[in-house]
Amino acid sequence: MTEKSRQKKPYPLGAHIEGGGVRFSFVSRAASCGVLLYDGAADRPARKIPFTEEDRVGHVYCRTVEDIDTETCTYLFYEGERPVADERGRAFPKRIPYGKERKAEDMKAGFLRPGFDWKGDACPRIPYHEALVYCMHVRGFTRHASSQVAHRGTFAGIGEKIPYLKEIGVTTIELQPAYEFAEASAAEEPPQAVPYGGNLPGENPCGRDRLNYWGYKKGFYYAPKAAYASAGDGGSEFKELVRALHENGMELVMQFYFPEEARRSEILDILCFWVLEYHVDGFHLLGENLPVDMLAADEALADTKLWYGRFDTDRIYAGGEQPLYPHAAEYNDAWYYDMRRFLKGDGNMLGSVLYHMRYIPRKAGAIHYLTNYSGFTLADLVSYDYKHNEANGEDNKDGSDYNCSWNCGEEGATRKRNIKALRLKQMKNAMCLLLLAQSTPLIFMGDEFGNSQKGNNNPYCQDNAVAWLDWNGIRKNAELHRFWKMLVAFRKRNPILHPAKELRLMDYIACGYPDLSYHGQYAWQAQTEGNVRHIGIMLCGKYARSGAPGEDAFLYLAMNMHWEDRALALPKLPKDMRWEPVFSTELSGEPDSGQKAEPAEKGKELLREIPPRSIAVYRSVPCR
């Protein structure tokens, strides 16, 4: 190999093919530094190229080296006698088994393979009001033997499950960190518990040898995680997953965690790289003090979903501009905690619940969820009062103590039929709150069939059956799984449940009914006092119809989270319509099992006793 100096060009950092050579650019304050070039996977470098003072611009050293075979060559940087992996490496050819401790020498970087066939790939650009998000851990989603995929725990494994994801209504998958990171290292820093909105609490006091299963740490932000690939080329396998999702009209959003030591000035370059090279559809950004408004205002990311705790949309869209495709979305815990408290029957929650269920930002989206990667799963939310993180090896001191959960009468697993029935009903109630609210719902993997983590609300180091999704739950909790699919289909059939804009509680099309109204024991008279835990919500479909037959129907959501029966009145409908019950979480068996209350007479109010801790849904139908 020969080398040739050219005009200094410090940015972008890393190694980049330019013309007939490779430009290396490396930040260092060491007395001596340079590049180590290797022939493929060889242990000893074929050439050592020192940087000189002439190569330096500030603390950046840059030099172009010609006659490099980028298909076989790998490289490391060095400082003194210490090899240094390139944080900006695009590919790391050496396949390191998941969970194995790695050294710098194992992280020789290579170059991206050119010529991937995208086959005319195009991003679906699904608007937020039509999206349903499914958050998953790449390895945990299919690693369990019950997944019955050929490539367990990999990007390819997710691809094998695309038919299932479509079956349960998913449009958008969110991946926990899937860029390259060291999950096991002798010098492992304590991983941090990262909340969804981006504000970091204190570090977890974990030991040095603890596995970082989640990956919330500084990573190699330009490369898909090699251990998540079934074959050696993680980049190609990741692209195949994205292409397959797009072919099925689905999106992929990636989580990126940027700790304080990560360069804020480089985040835009990282995101643009993944959009251009890997065709990803969006990013959920985690970390403190991130320049999210600047990122959302960048013209190149105008079609890319961006999620964070909150955005200043008036700053992003100056001069009163209303975006045609709002791409930023709020992603925080406000909905999460208030809805959990309402679900378990806490008082003084009704006002917050009604606000959350209709809230849609004017120039952005909003992602809402009852469960996520951190905290109890849906099944554990109704089975445990307290966290049970003993397996993490921290004396149960890690993870949040504030779970807003209720075990329904007994901690953990039970054989009592009445408790099991109540837990099933509470999970159905939770699904109703999630899918009958009007922003963008998100569910964590396996909650659609009651997957449990045995009360562990912080399985950040559990690469085992605690955190792996047990697909046997589809069979064991078949009724819950059917109920989820029924609810998703019901939401899709009724556009008024997922409008593009927030409903206004007004009759602004002069049809005789407001778009949204609240009711109590008497129609049009909502009770919202602190001790009230029940409400009737009527939605007029005329405000969201898109032309399909039946879309202009009225819906009535009767919600009672009290432990006693409560009466709710359904308002009078137009003279040619009557109320008909659709489903209730109180009923056992199939979701639409025929166990329905009597319909109202034509033109009459319908007063119904709603059973304790249950939700019933009614729909208007033509009078016969």
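The values are calculated or read from the model by the stated rules, or taken from the named source; none is laboratory data. Bear in mind that the values here come from a model prediction, so they are computed numbers and not experimental data. Neighbour counts are summed over all protein chains in view; Cβ atoms, including those assigned to glycine, are modelled from backbone coordinates with ideal geometry. Areas reflect the complete protein model, heavy atoms only, side chains present, ligands, DNA and RNA absent. Shrake-Rupley method; radii C 1.70, N 1.55, O 1.52, S 1.80 Å.
Keeping to the range 301-336, report how many residues are of a type in the set (Gly, Ala, Ser), within 23 Å of LEU436 (Cα to Cα) and without any contact (Cβ under 8 Å) to a residue 60 or more places away in the chain. Steps first, answer last, please.
From the range 301-336, those of a type in the set (Gly, Ala, Ser) are 302, 309, 318-320, 328-329, 334; that's our starting set.
Add one more test, that the residue is within 23 Å of LEU436 (Cα to Cα), and what stays is 309, 328-329, 334.
Add one more test, that the residue is without any contact (Cβ under 8 Å) to a residue 60 or more places away in the chain, and what stays is 328, 334.
Here the count works out to 2.
Which of the residues that make up the range 240-252 are open to solvent by less than 10 Å² (accessible area, probe 1.4 Å) and either within 14 Å of ALA178 (Cα to Cα) or part of a helix (DSSP H, G or I) (or both)?
The initial filter retains those residues of the range 240-252 that are open to solvent by less than 10 Å² (accessible area, probe 1.4 Å), namely 241-242, 245, 250-252.
Within the range 240-252, LEU241, VAL242, LEU245, LEU252 qualify.
For the range 373-393, which residues satisfy the criterion of being open to solvent by 50 Å² or more (accessible area, probe 1.4 Å) and among the hydrophobic types (A, V, I, L, M, F, W, C)? Spell out how you get there, then give the answer.
The initial filter retains those residues of the range 373-393 that are open to solvent by 50 Å² or more (accessible area, probe 1.4 Å), namely 385-386, 388, 390-391, 393.
Across the range 373-393, the qualifying residue is only ALA391.
When residues of the range 432-475 are filtered for being open to solvent by 30 Å² or more (accessible area, probe 1.4 Å), in contact with a helix residue (DSSP H, G or I) (Cβ under 8 Å, 6 or more places away or on another chain) and without any contact (Cβ under 8 Å) to a residue 40 or more places away in the chain, how many remain?
1
Every residue in the range 239-292 that is under 18 Å from PRO12 (Cβ atoms) and among the basic types (Lys, Arg), please.
Just the residues of the range 239-292 that are under 18 Å from PRO12 (Cβ atoms), to begin with: 256, 258, 262-278, 291.
Across the range 239-292, the qualifying residues are ARG263, ARG264.
For the range 126-159, give me each residue that is farther than 26 Å from ARG491 by Cα and in a helix (DSSP H, G or I).
VAL138, ARG139, GLY140, THR142, ALA145, SER146, SER147, PHE155, ALA156, GLY157 - these are the residues of the range 126-159 that are farther than 26 Å from ARG491 by Cα and in a helix (DSSP H, G or I).
Counting only residues that are of a type outside the set (Asp, Glu) and out of contact with any helix residue (DSSP H, G or I) (no Cβ under 9 Å at 6 or more places or on another chain), which one in the range 319-336 is most open to solvent (accessible area, probe 1.4 Å)?
Going through the range 319-336, the residues of a type outside the set (Asp, Glu) turn out to be 319-320, 322-329, 331-332, 334-336.
Then keep just the ones that are out of contact with any helix residue (DSSP H, G or I) (no Cβ under 9 Å at 6 or more places or on another chain); that gives 319, 322, 324-325, 331-332, 336.
On the way: GLY319: 89, GLN322: 85, LEU324: 183, TYR325: 33, TYR331: 0, ASN332: 33, TYR336: 11 Å².
Filtering first and then ranking leaves LEU324.
For the list (1) in contact (Cβ under 8 Å) with a residue 12 or more places away in the chain; (2) in a strand (DSSP E or B); (3) surrounded by fewer than 20 Cβ atoms within 10 Å (Cβ to Cβ), I need the number of the one condition that HIS16 fails.
(1)
Out of all the residues in the range 59-89, which are open to solvent by less than 60 Å² (accessible area, probe 1.4 Å) and β-branched (Val, Ile, Thr)? Working first, answer last.
Restricting attention to the range 59-89, the residues satisfying the condition of being open to solvent by less than 60 Å² (accessible area, probe 1.4 Å) are 60-66, 68, 70, 73-80, 83-86, 88-89.
Within the range 59-89, VAL60, THR64, VAL65, ILE68, THR70, THR74, VAL84 meet the criteria.
Taking the range 337-362 as the region of interest, how many residues are more than 30 Å from GLY409 (Cβ to Cβ), open to solvent by 40 Å² or more (accessible area, probe 1.4 Å) and touching a residue at least 24 places away in the same chain (Cβ under 8 Å)? Explain how you work it out, then say what you get.
Our first condition is that a residue be more than 30 Å from GLY409 (Cβ to Cβ); within the range 337-362, this holds for 355, 358-362.
Of the ones still in play, those that are also open to solvent by 40 Å² or more (accessible area, probe 1.4 Å) are 355, 358-359, 362.
Among the residues that remain, those that are also touching a residue at least 24 places away in the same chain (Cβ under 8 Å) are: 358-359, 362.
Result for the range 337-362: 3.
Within the range 541-576, restricting attention to residues that are over 35 Å from the mean Cα position of the chain (by Cα) and surrounded by fewer than 19 Cβ atoms within 10 Å (Cβ to Cβ), which residue is farthest from ARG493 (Cα to Cα)?
Residues of the range 541-576 over 35 Å from the mean Cα position of the chain (by Cα): 564-576.
Filter again for surrounded by fewer than 19 Cβ atoms within 10 Å (Cβ to Cβ), leaving 564-565, 567, 571-572, 574-576.
Details: GLU564: 32, ASP565: 30, ALA567: 28, PRO571: 22, LYS572: 23, PRO574: 21, LYS575: 24, ASP576: 21 Å.
In this case the residue turns out to be GLU564.
Looking for whichever is of a type in the set (Asp, Glu), at pLDDT below 95 and either closer than 22 Å to GLY219 by Cα or assigned to a loop (DSSP other than H, G, I, E, B) (or both) here; the options are GLU87, GLU71. Which one fits?
On the way: GLU87 fails: at pLDDT below 95.
Result of the check over GLU87, GLU71: GLU71.
If I ask for residues that are part of a loop (DSSP other than H, G, I, E, B), open to solvent by less than 40 Å² (accessible area, probe 1.4 Å) and either in contact with a strand residue (DSSP E or B) (Cβ under 8 Å, 6 or more places away or on another chain) or closer than 20 Å to ASN464 by Cβ (or both), which ones from the range 209-232 would you list? Spell out how you get there, then give the answer.
First pass over the range 209-232, keeping only residues part of a loop (DSSP other than H, G, I, E, B): 209-219, 225, 229-232.
Of the ones still in play, those that are also open to solvent by less than 40 Å² (accessible area, probe 1.4 Å) are 211-216, 219, 225, 229.
Within the range 209-232, LEU211, ASN212, TYR213, TRP214, GLY215, TYR216, GLY219, LYS225 meet the criteria.
Could you list, ordered by first residue, the pairs with Cβ atoms under 6 Å in which the first is in the range 25-38 and touching a residue at least 12 places away in the same chain (Cβ under 8 Å) and the second is acidic (Asp, Glu) and part of a strand (DSSP E or B), at least 6 apart or interchain?
SER28/GLU79; ALA30/GLU79; CYS33/GLU79
Within the range 274-286, is there a residue that is charged (D, E, K, R), more than 15 Å from TYR128 (Cβ to Cβ) and assigned to a helix (DSSP H, G or I)?
Within the range 274-286, one or more residues are charged (D, E, K, R), more than 15 Å from TYR128 (Cβ to Cβ) and assigned to a helix (DSSP H, G or I).
Out of the range 95-112, which residues are touching a residue at least 60 places away in the same chain (Cβ under 8 Å), in a loop (DSSP other than H, G, I, E, B) and open to solvent by 50 Å² or more (accessible area, probe 1.4 Å)?
Pass one, the range 95-112, residues touching a residue at least 60 places away in the same chain (Cβ under 8 Å): 95-102, 105, 107-109, 111-112.
From what's left, in a loop (DSSP other than H, G, I, E, B): 95-102, 108, 111-112.
Those that are touching a residue at least 60 places away in the same chain (Cβ under 8 Å), in a loop (DSSP other than H, G, I, E, B) and open to solvent by 50 Å² or more (accessible area, probe 1.4 Å): ARG95, PRO97, LYS100, GLU101, LEU112.
Against the definition (in a loop (DSSP other than H, G, I, E, B), over 25 Å from ARG152 (Cα atoms) and modelled with pLDDT of 95 or more), how does GLY115 come out, yes or no? Explain how you work it out, then say what you get.
On the way: in a loop (DSSP other than H, G, I, E, B): yes; over 25 Å from ARG152 (Cα atoms): yes; modelled with pLDDT of 95 or more: no.
No: the conditions fail for GLY115.
Answer yes or no: is there a residue in the range 45-58 that is in contact (Cβ under 8 Å) with a residue 24 or more places away in the chain, assigned to a strand (DSSP E or B), open to solvent by less than 30 Å² (accessible area, probe 1.4 Å) and not aromatic (Phe, Trp, Tyr).
Yes, there is a match, as at least one residue in the range 45-58 is in contact (Cβ under 8 Å) with a residue 24 or more places away in the chain, assigned to a strand (DSSP E or B), open to solvent by less than 30 Å² (accessible area, probe 1.4 Å) and not aromatic (Phe, Trp, Tyr).
Take the conditions aliphatic (A, V, I, L, M), under 26 Å from GLU183 (Cβ atoms), open to solvent by less than 20 Å² (accessible area, probe 1.4 Å) and not in a loop (DSSP other than H, G, I, E, B) and apply them to LEU37. Does it pass? Steps first, please.
Numbers: aliphatic (A, V, I, L, M): yes; under 26 Å from GLU183 (Cβ atoms): no; open to solvent by less than 20 Å² (accessible area, probe 1.4 Å): yes; not in a loop (DSSP other than H, G, I, E, B): yes.
No.
Within the range 454-466, identify whether any single residue is in contact with a Leu (Cβ under 9 Å, 6 or more places away or on another chain) and not in a loop (DSSP other than H, G, I, E, B), and answer yes or no. Explain how you work it out, then say what you get.
Going through the range 454-466, the residues in contact with a Leu (Cβ under 9 Å, 6 or more places away or on another chain) turn out to be 460-463.
Narrowing the set further to residues that are not in a loop (DSSP other than H, G, I, E, B) leaves none.
No - not one qualifying residue is present in the range 454-466.
Working carefully through the options MET538, MET506, find the one that is buried (at least 20 other Cβ atoms within 10 Å of the Cβ) and without any contact (Cβ under 8 Å) to a residue 60 or more places away in the chain. Break it down into steps so the answer makes sense when it comes.
On the way: MET506 fails: buried (at least 20 other Cβ atoms within 10 Å of the Cβ).
Result: MET538 is the single residue among MET538, MET506 that is buried (at least 20 other Cβ atoms within 10 Å of the Cβ) and without any contact (Cβ under 8 Å) to a residue 60 or more places away in the chain.
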